[in-house]
1. I'd like the full set of residues that are out of contact with any helix residue (DSSP H, G or I) (no Cβ under 6 Å at 6 or more places or on another chain) and open to solvent by less than 70 Å² (accessible area, probe 1.4 Å), limited to the stretch 1-18.
2. Identify all residues within the stretch 72-81 that are touching a Leu at 6+ places or on another chain (Cβ under 7 Å) and open to solvent by less than 60 Å² (accessible area, probe 1.4 Å); write none if there are none.
3. What about THR126, is it out of contact with any helix residue (DSSP H, G or I) (no Cβ under 7 Å at 6 or more places or on another chain), of a type outside the set (A, V, I, L, M, F, W, C) and more than 20 Å from GLY41 (Cα to Cα)?
4. Going through THR138, THR146 one at a time, which residue ends up being in a helix (DSSP H, G or I), more than 13 Å from the chain's Cα centre (by Cα) and either modelled with pLDDT of 90 or more or within 18 Å of VAL54 (Cβ to Cβ) (or both)?
5. Name, by its number, the condition in (1) open to solvent by 40 Å² or more (accessible area, probe 1.4 Å); (2) more than 25 Å from ILE90 (Cβ to Cβ) that does not hold for GLN59.
6. Could you list, in sequence order, all residues of the stretch 111-124 that are more than 22 Å from ILE24 (Cα to Cα) and open to solvent by 30 Å² or more (accessible area, probe 1.4 Å)?
7. Quick one: LYS32 ticks every box in (1) in contact with a Lys or Arg (Cβ under 7 Å, 6 or more places away or on another chain); (2) in a helix (DSSP H, G or I); (3) touching a residue at least 24 places away in the same chain (Cβ under 8 Å) bar one, so which box is it?
8. Give the number of residues within the stretch 135-167 that are touching a Gly at 6+ places or on another chain (Cβ under 9 Å) and either aromatic (Phe, Trp, Tyr) or free of Cβ contacts under 8 Å to residues at least 12 places away in the same chain (or both).
Amino acid sequence: MAYILIFITAIFVNNVVLSQFLGICPFLGVSKKVETASGMGAAVAFVLTIATIVTYLIQKYVLEAFGLEYLQTIAFILVIAALVQMVEIILKKVSPALYQALGVFLPLITTNCCILGVAILVANGTYASYGVEPNLITGVVYAFSTALGFALAMVLFAGLREQLAMVNIPKGMQGMSIALVTAGLLAMAFMGFSGVDGGLKQLFGL
């Protein structure tokens, strides 16, 4: 039940974009079309899940074993950069259209604070595990759930922006202005899930 609680909380209650404000750059930059947003969401989900596994193992069996914890940020960025490069090569061969649509935002996944932030949280065990000992399994569940939350926010926001493109918006509010207002309203909508994790904890007896 704790894994279900981590899953629900990471997606809805503590959404990485709308609640924790991580990954704002791709959220605003690659959300003009649902197709592009879903592609970015899938790429982030893959990179984040794999990066969490690799960085956790590096943290436990290399950095902590040899007293090199101070190299955590550099090591994690190198791992994420290598994974992004792999995703870039795969996308270029499998889906050239999506590769072109993502453009400069694909290599920017390397410095996406969402991926780096989640990797550090999992490696340090400082995320909400709800009664389960923080370990690799709970970390992967948390990372994958966070990635799904990121993708959900991206797709919802892209759908709203596609609808706004067909509306006559005042000139002063066009472009990024209306996008930021829409993002704020979407974040307020997700605030409606606040407290759900507490109710589920009582329900599951955690």
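The values are calculated or read from the model by the stated rules, or taken from the named source; none is laboratory data. Only a predicted model underlies this, so the values are computations on that prediction, with no experimental measurement involved. Every residue, glycine as well, gets a Cβ built from its backbone with ideal geometry; the counts of neighbours run over all protein chains shown. Accessible surface areas use protein heavy atoms only, side chains included; no ligands, DNA or RNA. Shrake-Rupley method; radii C 1.70, N 1.55, O 1.52, S 1.80 Å.
1. Applying the first criterion (out of contact with any helix residue (DSSP H, G or I) (no Cβ under 6 Å at 6 or more places or on another chain)) to the stretch 1-18 yields 2, 4, 8, 14.
The answer is ALA2, ILE8, ASN14.
2. Narrowing the stretch 72-81 to residues touching a Leu at 6+ places or on another chain (Cβ under 7 Å): 72, 75-77, 80.
Listed by number, the residues that qualify are GLN72, ALA75, PHE76, ILE80.
3. Working: out of contact with any helix residue (DSSP H, G or I) (no Cβ under 7 Å at 6 or more places or on another chain): yes; of a type outside the set (A, V, I, L, M, F, W, C): yes; more than 20 Å from GLY41 (Cα to Cα): yes.
Considered against the rule, which asks whether it is out of contact with any helix residue (DSSP H, G or I) (no Cβ under 7 Å at 6 or more places or on another chain), of a type outside the set (A, V, I, L, M, F, W, C) and more than 20 Å from GLY41 (Cα to Cα), THR126 comes out as yes.
4. Details: THR146 fails: more than 13 Å from the chain's Cα centre (by Cα).
Result of the check over THR138, THR146: THR138.
5. Result: GLN59 passes all but (1).
6. As a first pass, look at the stretch 111-124 and keep what is more than 22 Å from ILE24 (Cα to Cα): 123-124.
Passing the criteria: only ASN124.
7. (2)
8. Looking only at that region, the number is 2.
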